[in-house]
Amino acid sequence: MRKFLVVLDDSRECLNAMRFAAMRAANTGGGVAILSVIPPDEFNHWIGVGAVMKEEARERIHAHFEVFAKWMRDKQGVDPELVIREGDAVPEIIAHVKSDDEIGVLVLGAATDKKGPGPIITQLVRNSSGLPIPITVVPGDMSKERLEAIT
């Protein structure tokens, strides 16, 4: 089964990427994988603090995932999978794509401010030769109705 990979983070544009991936998966018989990357631990010298921070990050990720997963199951009939990796976002995204042959499309949400589409999109475009799949960039300010129309 072909899967749409979406990156779960704290950005507003992430919501539209999730919607797009779920709708496309529902309309094409595909699946959705949701990837969240925990950044490198900045408190390496305080091992106990770092471990607590990672566990808190995992709990937040699971809570956010459950919100999206419930909507995907209830509204789109898609049961997403959650993948959590640790490290820098772009190398971890590329590594995950290469590790899962079922991933067919990477779906990212573009920021709506004038600073650009966002750091992940900018870095991935620069390193796109390392990706064996296409990237779909969904505008962060696209309406739900427009998303439904194009998926």
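Things worth noting here:
- Calculated FRET efficiency for the pair Asp10/Glu55, C-beta based, R₀ 22 Å, to 0.05: 0.80
- Set of lysines with alpha-carbon distance to Lys75 below 24 Å, sequence-local pairs under 8 removed: Lys3, Lys144
- Dipole magnitude for segment 62-105: computed about the Cα centre from +1 point charges on Lys and Arg Cβ and -1 point charges on Asp and Glu Cβ, it is near 200 debye.
- When the alpha carbon gyration tensor of segment 3-145 is reduced to an equivalent ellipsoid, its three semi-axes come out at 24, 18, 16 angstrom, largest first.
- Overall form of segment 107-147 per C-alpha gyration tensor (a/c, 1.5; a/b vs b/c): oblate
- Sequence-separation-based contact order of the chain, relative, with Cα cut under 8 Å and 6+ spacing, percent: 34 percent
- Relative to the compact-globule estimate of 2.2 N^0.38 Å, the Cα radius of gyration of segment 47-119 comes out at 1.35.
- Calculated [222 nm] ellipticity per residue, helices only, for the chain: -14000 deg cm²/dmol; basis is -39500 (n - 2.57) per DSSP H run with n ≥ 4, divided by all residues, nearest 500.
- Stretching the chain fully between Ser99 and Ala149 yields a gain of 14.8 nm (0.36 nm per residue, less the alpha carbon separation).
- When peptides 79-87, 49-57, 1-9 are sorted by average Cβ neighbour count within 10 Å, with the highest value leading, the order is 1-9, 79-87, 49-57.
- Dipole size of segment 3-145 about its Cα centre, with +1 on Lys/Arg Cβ and -1 on Asp/Glu Cβ: approximately 460 debye, rounded to the nearest 20.
A short reminder: the numbers here are calculations on the coordinates, not readings from a lab. Nothing here was measured: the structure is a model prediction, and the numbers come from that model. For neighbour counting, all protein chains shown are included, and Cβ atoms are generated from backbone atoms with ideal geometry for every residue, glycine included.
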